[in-house]
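Asker: Have a look at the structure that comes next, please.
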Amino acid sequence: MTDPRLDALKQAAPALRLKTDPADLEHYGRDWTRRWTPAPLAVALPDTVEQVQAIVRWANAQGVALVPSGGRTGLSGGAVAASGELVLSLERMNKVLDFDPVDRALTVQAGIPLEAAQNAARDHGLAYPVDFASRGSCSIGGTIATNAGGIRVIHYGNTREWIAGLKVVSGSGELLELNRALIKNSSGYDLRQLMIGSEGTLGIVVEATLKLTDPPPPTNVMLLALPSFEVLMRVFAAFRERLQLEAFEFFTDVALRHVLAHGAQNPFDAAYPYYVVTEFAIGDEAREAAAMAAFEYGMEQGWIVDGAISQSDAQAAQLWRLREGITESIACYVPYKNDVSVRISAMPAFLAEAQALLGQAYPEFEVVWFGHIGDGNLHINVLKPESMAQDVFVGQCEQVTKLLAGVLQRHAGSISAEHGIGLVKKPYLESTRSAAEIALMRGLKRVFDPNGILNPGKLLDT
Ligand code: MLT
Ligand code: ZN
């Protein structure tokens, strides 16, 4: 016997695909956090905007919560459906709808994978520069929901910089066309920007017009070995001054060991405490000379203790694998992830305090540090010992996160730089946002989603 609420949904949208098999409920009900047991009512896979609107109207009438769902590569529990919600998967709405060479804009449906959008831009001789390791599986809608950052923020900025316009279904089922892909639009509140980073709590993004840019210049990739965290910031400053940086990413020896165990190749014979993968523009003699000069300067200062530079695209990919393979290489430990940021200028002082705190707090856990040092964004991953129960482990980590949130508050940082708040970071939102801001966020939620059917319990408790 089917649930009468699903019968009503079939009546409201007869052509809508629905899945209710236990394997599908499990697959679509979780994201990469793997912490909650999936338990959705069903999974809906609309093909059209009209079907999305019908689902939202049905959810209001039936009082069923909706969890908008893209590639579910999120790391904060934003796409988890563990309480009888309907998962609204955008995966069938995955097409390129339009390319305009004059506007240099690509209009896509929200379910398109990031990599497919990047490829479509490339096919037109342009680039969509938001980029990170899960590009093949994450969806554009998901990147918009979290204002995703990634490995090229240092040059190009976050997702929010690259969204010219959005079509969004609000919590009451209205279709909103936000910003009409205009470059200039000074006609009141920018609701497009409000939607970006709202984690599916204010509306369901169904279409996005992406701004495109010139293809990236020819680049080279360098791997640097460094003796301490302190010199990382100095090397960053020296490289940023001398080179056009496309990326500047760091990781520790602990991270490297995990990636190597997963099949990556180490260009160095010795082990070092810290590493940087940096990508920078080349293409003429002056730029190439500047890159060598930056490297030599770092060596002379005693900051850089070893280095390797790519001689081909294949070697560049090998060096990138050392950084991009970290998340996958530690996934089997179900890591507790911190994704924190401070202003770059606050990084040295924050780092000193955070390192002291985490060294004391986690003496017996393996802690893997990596991230986007040039954006002031650190990923601190605590690995669960195999013998420890998941809830005991998470409980201990949460105690430490409370302390870390205090350190962040003192340094005016954020508890979520790019993964979103979701379920995982919700208890610490107050460390990053004032009570007045949170009250306004709750008010906005009520305006866009009066019956609270859009991703309830994520980001905010209402
Ligand atoms: C990354 O920088 O690789 C991503 O944010 C993923 C992660 O933190 O695991
Ligand atoms: Zn990251």
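The numbers here are math on the coordinates, done by the rules we state, and not lab data. Everything numeric here is computed off the predicted structure, so don't read it as measured data. Counting neighbours? That spans all protein chains shown, and the Cβs are built from the backbone with ideal geometry, glycine included.
Asker: Set the Förster distance to 35 Å, then compute FRET efficiency between residue 98 and residue 345 from the Cβ-Cβ distance, nearest 0.05.
Answerer: Efficiency at R0 = 35 Å is approximately 0.25.
Asker: Hey, another quick one. So what J values fall out for region 206-212 if you push phi through Karplus, 6.51 cos²θ - 1.76 cosθ + 1.60 with θ = phi - 60°, rounded to Hz, Gly and Pro as x?
Answerer: With the stated coefficients, region 206-212 comes to 10, 9, 9, 9, 9, 6, 10 Hz.
Asker: Suppose R0 equals 22 Å. What FRET efficiency, 1/(1 + (r/R0)^6) with r the Cβ-Cβ distance, do residue 399 and residue 366 give to the nearest 0.05?
Answerer: Given R0 = 22 Å and the Cβ-Cβ separation, E is 0.80.
Asker: Something else about it: Would you mind computing Rg(Cα) / (2.2 N^0.38 Å) for region 8-163, counting N as its residues?
Answerer: Cα-based Rg divided by the globular estimate yields 1.10.
Asker: Then there is this: What list of ³J(HN,Hα) values in whole Hz, one per residue of region 384-393 in order, does the Karplus curve 6.51 cos²θ - 1.76 cosθ + 1.60 (θ = phi - 60°) give from phi, with Gly and Pro shown as x?
Answerer: 6, x, 4, 7, 8, 5, 4, 6, 5, 4
Asker: If packing is taken as the average count of other Cβ atoms within 10 Å, what order do 209-215, 91-97, 221-227 fall into, highest mean first?
Answerer: 221-227, 209-215, 91-97
Asker: Next up: Where Rh is the Kirkwood radius over the Cα pairs of the chain, the temperature 10 °C and the viscosity 1.306 mPa s, what D in µm²/s does Stokes-Einstein return?
Answerer: Once the numbers are plugged in, D ends up at 69 µm²/s.
Asker: Can you tell me the FRET efficiency between residue 180 and residue 355 if r is taken as the Cβ-Cβ distance and R0 is 45 Å, rounded to the nearest 0.05?
Answerer: 0.40
Asker: For region 309-358, how big is the tail of P(r) above 14 Å, as a whole percent of Cα pairs?
Answerer: Distances greater than 14 Å cover 70 percent of the Cα pairs.
Asker: When the Cα centres of region 204-234 and region 390-431 are compared, how far apart do they sit, in Å?
Answerer: First find each Cα centre; the distance between them is then 25 Å.
Asker: Moving on. Whole-Hz Karplus ³J(HN,Hα) for region 125-135, in order, using 6.51 cos²θ - 1.76 cosθ + 1.60 and θ = phi - 60°, x for Gly and Pro?
Answerer: x, 10, 9, 9, x, 5, 7, 6, 4, 8, 3
Asker: If you average the C-alpha positions of region 432-462 and of region 289-323 separately, how far apart do those two centres end up, in angstrom?
Answerer: Going from one Cα centre to the other spans 46 Å.
Asker: May I pose another question? Take the residue pairs 95/458; 10/167; 211/402; 95/337; 10/445 and return only those whose Cα atoms are more than 30 Å apart.
Answerer: Over 30 Å Cα-Cα: 211/402; 95/337.
Asker: Oh, and also: Taking only the alpha-carbon positions of region 218-310 and ignoring solvent, what does the Debye formula give for the base-10 log of I(q)/I(0) at q = 0.13, 0.17 Å⁻¹?
Answerer: Calculated log10 I(q)/I(0) at the listed q: -0.41, -0.70.
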